[in-house]
Amino acid sequence: MTDSRGTDGPDQPEPEGAPAQPPRKRRPLWARILVPVAAVLAVALAAVGIYAWTLDRSITQNITRGIDLPGGDPASAGSQPPETGPLDVVLLGSDSRDPGADKGRSDTVMVAHLNQARNKAYIVSFPRDMYVTIPGHGKDKINAAYSLGGAALTVQTLESLTGVRMDHVALVDFEGFIALTKDLGGVTVSNKTAFSSHGYDYPKGKIKIDGKKALWFVRERHALPGGDLDRAENQRNVIKAIVAKGLSAGVVSDPAKFSSFIGNLSKHLKVDNGLSDAEIRATALSLRLDAKDIELLQAPLAGFGTADGQSIDVVDQARMAELGKALQDDTMDDYLQKYPRG
(Lines give C-alpha, C1' and ligand atoms only; values in the text may rest on other atoms or scores of the structure.)
Protein backbone atom coordinates (compact mmCIF):
# COMPACT_ATOMS: atom_id res chain seq x y z
CA MET A 1 0.00 0.00 0.00
CA THR A 2 1.29 3.40 -1.00
CA ASP A 3 0.78 6.50 1.24
CA SER A 4 -0.06 10.00 0.00
CA ARG A 5 3.62 11.00 -0.26
CA GLY A 6 4.36 8.18 -2.72
CA THR A 7 6.26 5.99 -0.30
CA ASP A 8 5.51 2.36 0.39
CA GLY A 9 3.96 2.36 3.83
CA PRO A 10 6.08 2.93 6.88
CA ASP A 11 9.78 3.79 6.74
CA GLN A 12 11.73 0.90 5.31
CA PRO A 13 14.96 -0.29 6.85
CA GLU A 14 18.18 0.47 5.04
CA PRO A 15 19.27 -2.37 2.74
CA GLU A 16 21.99 -4.55 4.09
CA GLY A 17 25.44 -3.34 3.11
CA ALA A 18 24.37 0.33 2.57
CA PRO A 19 26.86 2.88 4.03
CA ALA A 20 25.73 4.34 7.36
CA GLN A 21 24.97 8.12 7.38
CA PRO A 22 27.25 9.93 9.83
CA PRO A 23 25.40 11.65 12.68
CA ARG A 24 24.99 15.45 12.22
CA LYS A 25 27.47 17.36 14.41
CA ARG A 26 26.10 20.05 16.66
CA ARG A 27 28.20 23.22 16.98
CA PRO A 28 29.61 23.74 20.45
CA LEU A 29 27.65 26.09 22.69
CA TRP A 30 30.44 28.67 22.66
CA ALA A 31 30.36 28.82 18.87
CA ARG A 32 26.59 29.26 18.80
CA ILE A 33 26.99 32.21 21.20
CA LEU A 34 30.06 33.82 19.66
CA VAL A 35 28.85 33.89 16.06
CA PRO A 36 25.87 36.22 16.68
CA VAL A 37 27.93 38.27 19.14
CA ALA A 38 30.64 38.70 16.52
CA ALA A 39 28.03 39.77 14.00
CA VAL A 40 26.68 42.40 16.40
CA LEU A 41 30.21 43.63 17.11
CA ALA A 42 30.93 43.88 13.40
CA VAL A 43 27.83 46.01 12.88
CA ALA A 44 28.72 48.15 15.90
CA LEU A 45 32.29 48.66 14.69
CA ALA A 46 31.03 49.59 11.25
CA ALA A 47 28.68 52.13 12.83
CA VAL A 48 31.52 53.53 14.94
CA GLY A 49 33.68 53.75 11.83
CA ILE A 50 30.98 55.64 9.95
CA TYR A 51 30.46 57.95 12.95
CA ALA A 52 34.21 58.63 13.19
CA TRP A 53 34.40 59.24 9.43
CA THR A 54 31.47 61.68 9.62
CA LEU A 55 33.09 63.58 12.49
CA ASP A 56 36.40 63.64 10.65
CA ARG A 57 34.73 65.17 7.60
CA SER A 58 32.92 67.69 9.81
CA ILE A 59 36.31 68.95 10.95
CA THR A 60 38.50 68.66 7.88
CA GLN A 61 35.97 70.08 5.42
CA ASN A 62 35.02 73.09 7.53
CA ILE A 63 38.05 74.31 9.44
CA THR A 64 40.03 77.28 8.11
CA ARG A 65 43.77 77.72 8.41
CA GLY A 66 45.95 80.69 7.58
CA ILE A 67 47.71 81.91 10.73
CA ASP A 68 51.49 81.63 10.88
CA LEU A 69 52.76 81.34 14.43
CA PRO A 70 55.89 83.30 15.39
CA GLY A 71 59.11 81.34 14.91
CA GLY A 72 61.62 80.44 17.60
CA ASP A 73 61.05 79.22 21.11
CA PRO A 74 61.15 81.17 24.34
CA ALA A 75 63.99 80.16 26.64
CA SER A 76 61.63 78.06 28.71
CA ALA A 77 60.13 76.10 25.83
CA GLY A 78 59.26 72.51 26.69
CA SER A 79 60.93 69.43 25.25
CA GLN A 80 57.83 67.33 24.57
CA PRO A 81 55.74 67.67 21.39
CA PRO A 82 52.13 68.76 21.96
CA GLU A 83 50.83 65.33 20.88
CA THR A 84 52.38 63.70 23.96
CA GLY A 85 53.05 66.55 26.37
CA PRO A 86 50.87 69.33 27.79
CA LEU A 87 49.16 71.54 25.24
CA ASP A 88 48.73 75.34 25.31
CA VAL A 89 46.29 76.90 22.85
CA VAL A 90 45.57 80.62 22.53
CA LEU A 91 41.84 81.35 22.15
CA LEU A 92 40.89 84.65 20.56
CA GLY A 93 37.46 86.15 20.05
CA SER A 94 37.28 88.93 17.49
CA ASP A 95 34.73 91.66 16.93
CA SER A 96 35.11 90.99 13.21
CA ARG A 97 32.10 89.10 11.79
CA ASP A 98 34.39 87.43 9.23
CA PRO A 99 36.43 84.63 10.86
CA GLY A 100 38.76 84.63 7.87
CA ALA A 101 39.88 88.20 8.43
CA ASP A 102 42.50 89.45 10.88
CA LYS A 103 40.66 92.70 11.55
CA GLY A 104 38.80 94.25 14.40
CA ARG A 105 39.67 94.11 18.07
CA SER A 106 40.50 91.06 20.11
CA ASP A 107 37.59 91.08 22.52
CA THR A 108 38.68 87.85 24.19
CA VAL A 109 42.22 86.69 24.95
CA MET A 110 42.62 83.35 26.70
CA VAL A 111 45.03 80.44 27.00
CA ALA A 112 43.61 76.92 27.29
CA HIS A 113 46.05 74.52 28.94
CA LEU A 114 45.50 70.76 28.62
CA ASN A 115 47.59 68.68 30.98
CA GLN A 116 49.65 65.77 29.70
CA ALA A 117 47.13 63.21 30.98
CA ARG A 118 44.37 65.09 29.13
CA ASN A 119 42.08 64.79 32.14
CA LYS A 120 42.27 68.44 33.24
CA ALA A 121 41.86 71.71 31.37
CA TYR A 122 42.61 75.22 32.59
CA ILE A 123 41.23 78.32 30.91
CA VAL A 124 43.21 81.46 31.74
CA SER A 125 41.79 84.79 30.61
CA PHE A 126 43.94 87.87 30.06
CA PRO A 127 41.85 91.04 30.57
CA ARG A 128 41.80 93.23 27.47
CA ASP A 129 43.09 96.25 29.42
CA MET A 130 46.15 94.40 30.74
CA TYR A 131 49.12 96.69 30.08
CA VAL A 132 51.91 94.67 28.49
CA THR A 133 54.85 94.90 26.12
CA ILE A 134 53.80 94.19 22.54
CA PRO A 135 56.88 93.03 20.59
CA GLY A 136 57.96 95.74 18.16
CA HIS A 137 55.35 98.22 19.39
CA GLY A 138 56.23 99.07 23.01
CA LYS A 139 53.74 99.11 25.88
CA ASP A 140 50.01 98.97 25.22
CA LYS A 141 46.84 97.16 26.21
CA ILE A 142 46.97 93.49 25.30
CA ASN A 143 44.00 93.71 22.94
CA ALA A 144 45.94 96.22 20.81
CA ALA A 145 48.21 93.37 19.70
CA TYR A 146 45.43 91.96 17.55
CA SER A 147 44.71 95.21 15.74
CA LEU A 148 48.45 95.81 15.24
CA GLY A 149 49.44 92.37 13.99
CA GLY A 150 46.54 89.96 14.11
CA ALA A 151 46.53 86.60 15.83
CA ALA A 152 50.25 86.00 15.26
CA LEU A 153 51.29 89.13 17.17
CA THR A 154 48.84 88.33 19.96
CA VAL A 155 50.44 84.91 20.35
CA GLN A 156 53.89 86.49 20.34
CA THR A 157 52.77 88.95 23.01
CA LEU A 158 51.48 86.15 25.24
CA GLU A 159 54.69 84.17 24.78
CA SER A 160 56.72 87.23 25.78
CA LEU A 161 54.49 87.84 28.79
CA THR A 162 54.44 84.28 30.13
CA GLY A 163 57.75 82.88 28.80
CA VAL A 164 55.80 79.88 27.46
CA ARG A 165 55.77 78.64 23.89
CA MET A 166 52.16 78.50 22.66
CA ASP A 167 51.45 75.40 20.62
CA HIS A 168 48.47 76.62 18.63
CA VAL A 169 45.97 79.45 18.20
CA ALA A 170 42.26 79.42 17.40
CA LEU A 171 40.25 82.46 16.37
CA VAL A 172 36.48 82.29 16.77
CA ASP A 173 34.10 84.97 15.55
CA PHE A 174 30.99 86.02 17.42
CA GLU A 175 28.63 84.59 14.82
CA GLY A 176 30.31 81.26 15.48
CA PHE A 177 29.76 81.72 19.18
CA ILE A 178 26.02 82.15 18.56
CA ALA A 179 25.91 79.01 16.40
CA LEU A 180 27.56 76.87 19.07
CA THR A 181 25.09 77.75 21.81
CA LYS A 182 22.17 77.11 19.46
CA ASP A 183 23.57 73.74 18.35
CA LEU A 184 23.63 72.62 21.97
CA GLY A 185 20.10 73.79 22.74
CA GLY A 186 21.45 76.48 25.05
CA VAL A 187 23.95 76.31 27.90
CA THR A 188 23.50 76.90 31.63
CA VAL A 189 25.85 79.23 33.50
CA SER A 190 26.00 80.74 36.98
CA ASN A 191 25.51 84.50 36.85
CA LYS A 192 26.80 86.25 39.97
CA THR A 193 25.40 89.72 39.13
CA ALA A 194 21.95 90.54 37.74
CA PHE A 195 22.10 92.87 34.75
CA SER A 196 20.42 93.75 31.45
CA SER A 197 21.93 94.30 28.02
CA HIS A 198 20.43 95.02 24.58
CA GLY A 199 16.93 93.99 25.64
CA TYR A 200 17.96 90.81 27.46
CA ASP A 201 17.68 90.30 31.21
CA TYR A 202 20.16 88.16 33.13
CA PRO A 203 18.97 87.43 36.68
CA LYS A 204 21.36 86.34 39.38
CA GLY A 205 21.85 82.60 39.71
CA LYS A 206 21.77 79.77 37.19
CA ILE A 207 20.49 80.93 33.80
CA LYS A 208 20.12 79.27 30.41
CA ILE A 209 21.34 81.28 27.42
CA ASP A 210 21.74 80.80 23.71
CA GLY A 211 21.98 82.79 20.49
CA LYS A 212 22.09 86.56 20.83
CA LYS A 213 21.27 86.32 24.52
CA ALA A 214 24.53 84.38 24.96
CA LEU A 215 26.36 86.85 22.73
CA TRP A 216 25.46 89.88 24.85
CA PHE A 217 26.11 87.97 28.05
CA VAL A 218 29.79 87.68 27.08
CA ARG A 219 30.10 91.11 25.44
CA GLU A 220 28.51 93.33 28.11
CA ARG A 221 30.86 95.05 30.54
CA HIS A 222 29.42 98.53 31.23
CA ALA A 223 26.48 97.10 33.22
CA LEU A 224 28.79 95.01 35.43
CA PRO A 225 30.35 96.34 38.66
CA GLY A 226 33.75 94.83 37.79
CA GLY A 227 33.63 95.98 34.18
CA ASP A 228 36.04 94.11 31.96
CA LEU A 229 37.08 91.69 34.71
CA ASP A 230 33.48 90.58 35.29
CA ARG A 231 32.98 90.24 31.55
CA ALA A 232 36.09 88.06 31.29
CA GLU A 233 34.67 85.85 34.05
CA ASN A 234 31.39 85.53 32.14
CA GLN A 235 33.35 84.58 29.02
CA ARG A 236 35.23 81.86 30.89
CA ASN A 237 32.00 80.48 32.33
CA VAL A 238 30.31 80.29 28.94
CA ILE A 239 33.30 78.63 27.28
CA LYS A 240 33.34 76.05 30.08
CA ALA A 241 29.61 75.47 29.64
CA ILE A 242 29.99 75.00 25.88
CA VAL A 243 32.89 72.55 26.22
CA ALA A 244 31.22 70.62 29.04
CA LYS A 245 27.91 70.25 27.20
CA GLY A 246 29.57 69.59 23.85
CA LEU A 247 31.50 66.68 25.38
CA SER A 248 28.63 65.45 27.56
CA ALA A 249 27.28 61.92 27.13
CA GLY A 250 23.93 63.25 25.91
CA VAL A 251 25.56 65.08 23.00
CA VAL A 252 28.37 62.67 22.14
CA SER A 253 25.94 59.73 22.07
CA ASP A 254 23.72 61.57 19.56
CA PRO A 255 25.61 61.37 16.24
CA ALA A 256 23.49 64.01 14.51
CA LYS A 257 23.77 66.54 17.34
CA PHE A 258 27.48 65.93 17.96
CA SER A 259 28.34 66.10 14.25
CA SER A 260 26.40 69.34 13.94
CA PHE A 261 28.20 70.78 16.97
CA ILE A 262 31.66 69.79 15.69
CA GLY A 263 30.86 70.91 12.14
CA ASN A 264 29.66 74.35 13.19
CA LEU A 265 32.55 74.74 15.62
CA SER A 266 34.96 74.03 12.75
CA LYS A 267 33.16 76.39 10.35
CA HIS A 268 33.71 79.33 12.66
CA LEU A 269 37.31 78.62 13.58
CA LYS A 270 40.47 79.90 12.01
CA VAL A 271 43.57 78.10 13.28
CA ASP A 272 47.29 78.20 12.69
CA ASN A 273 48.81 76.41 9.72
CA GLY A 274 50.70 74.03 12.00
CA LEU A 275 47.55 72.47 13.48
CA SER A 276 47.09 69.38 11.33
CA ASP A 277 43.96 67.26 10.95
CA ALA A 278 45.87 64.36 12.50
CA GLU A 279 46.68 66.37 15.63
CA ILE A 280 43.09 67.55 15.94
CA ARG A 281 41.89 63.94 15.80
CA ALA A 282 44.53 62.73 18.23
CA THR A 283 43.78 65.51 20.72
CA ALA A 284 40.02 64.99 20.51
CA LEU A 285 40.37 61.23 21.09
CA SER A 286 42.73 61.77 24.03
CA LEU A 287 40.38 64.00 26.04
CA ARG A 288 39.05 62.64 29.33
CA LEU A 289 37.10 65.68 30.50
CA ASP A 290 33.79 66.63 31.99
CA ALA A 291 32.61 69.87 33.61
CA LYS A 292 34.36 69.28 36.95
CA ASP A 293 37.71 68.85 35.18
CA ILE A 294 37.72 72.36 33.68
CA GLU A 295 39.26 75.06 35.87
CA LEU A 296 38.75 78.78 35.25
CA LEU A 297 41.12 81.54 36.30
CA GLN A 298 42.31 85.03 35.49
CA ALA A 299 45.87 86.08 34.75
CA PRO A 300 47.32 87.86 37.83
CA LEU A 301 46.87 91.59 38.29
CA ALA A 302 48.59 93.87 40.81
CA GLY A 303 45.97 96.60 40.52
CA PHE A 304 44.76 99.36 38.21
CA GLY A 305 46.21 102.56 36.84
CA THR A 306 46.31 104.92 33.87
CA ALA A 307 48.60 105.26 30.88
CA ASP A 308 48.27 107.80 28.09
CA GLY A 309 44.99 108.91 29.62
CA GLN A 310 43.50 105.39 29.53
CA SER A 311 42.55 103.05 32.35
CA ILE A 312 44.79 99.99 32.46
CA ASP A 313 45.17 96.73 34.39
CA VAL A 314 48.62 96.40 35.95
CA VAL A 315 50.33 93.00 35.65
CA ASP A 316 51.51 91.25 38.80
CA GLN A 317 54.93 90.34 37.41
CA ALA A 318 55.94 87.95 40.20
CA ARG A 319 52.77 85.91 40.00
CA MET A 320 52.86 86.04 36.20
CA ALA A 321 56.25 84.35 36.34
CA GLU A 322 54.75 81.67 38.59
CA LEU A 323 51.85 81.19 36.20
CA GLY A 324 54.25 80.83 33.29
CA LYS A 325 56.27 78.21 35.16
CA ALA A 326 53.11 76.30 36.06
CA LEU A 327 52.03 76.25 32.41
CA GLN A 328 55.50 75.20 31.32
CA ASP A 329 55.96 72.49 33.96
CA ASP A 330 52.34 71.26 33.77
CA THR A 331 51.79 72.02 37.45
CA MET A 332 48.66 74.14 37.22
CA ASP A 333 46.99 72.31 40.12
CA ASP A 334 49.79 73.48 42.40
CA TYR A 335 49.39 77.05 41.15
CA LEU A 336 45.63 76.95 41.82
CA GLN A 337 46.16 75.58 45.31
CA LYS A 338 48.42 78.55 46.04
CA TYR A 339 46.18 81.06 44.27
CA PRO A 340 42.59 79.69 44.33
CA ARG A 341 41.26 82.75 42.54
CA GLY A 342 43.90 82.62 39.83
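The values are calculated or read from the model by the stated rules, or taken from the named source; none is laboratory data. From a predicted model like this one, the values you see are computed outputs, not experimental measurements. Counting neighbours? That spans all protein chains shown, and the Cβs are built from the backbone with ideal geometry, glycine included. Accessible surface areas use protein heavy atoms only, side chains included; no ligands, DNA or RNA. Shrake-Rupley method; radii C 1.70, N 1.55, O 1.52, S 1.80 Å.
Here the condition is being open to solvent by 40 Å² or more (accessible area, probe 1.4 Å), closer than 19 Å to Gln317 by Cβ and modelled with pLDDT under 95; of Ser147, Ser76, it holds for Ser76 alone. In summary, strands (runs of 3 or more DSSP E) completely within segment 267-337 and bearing 2 or more residues that are over 19 Å from the mean Cα position of the chain (by Cα) and at pLDDT 90 or above occur at 301-307, 310-315.
Taking each residue of segment 182-199 that is farther than 18 Å from Ala223 by Cα and looking for partners that are among the hydroxyl-bearing types (Ser, Thr, Tyr) and open to solvent by less than 40 Å² (accessible area, probe 1.4 Å) with beta-carbon atoms closer than 6 Å, six or more apart or interchain, yields Val187/Thr181. Please indicate, with yes or no, whether at least one residue in segment 270-286 is surrounded by 14 or more Cβ atoms within 10 Å (Cβ to Cβ) and basic (Lys, Arg). Checking segment 270-286: at least one residue is surrounded by 14 or more Cβ atoms within 10 Å (Cβ to Cβ) and basic (Lys, Arg).
Among the residues of segment 209-220, write down those that are basic (Lys, Arg) and crowded, with 18+ Cβ neighbours inside 10 Å.
The first filter runs over segment 209-220 and keeps only residues basic (Lys, Arg), leaving 212-213, 219.
Once the filter is applied, which keeps residues that are basic (Lys, Arg) and crowded, with 18+ Cβ neighbours inside 10 Å, segment 209-220 yields Lys213, Arg219.
How many of the residues in segment 290-300 are open to solvent by less than 30 Å² (accessible area, probe 1.4 Å) and not acidic (Asp, Glu)?
At the first step, the residues of segment 290-300 found to be open to solvent by less than 30 Å² (accessible area, probe 1.4 Å) are 293-294, 297, 299-300.
Next, from what is left, pick out any that are not acidic (Asp, Glu): 294, 297, 299-300.
Adding up the residues that qualify gives 4.
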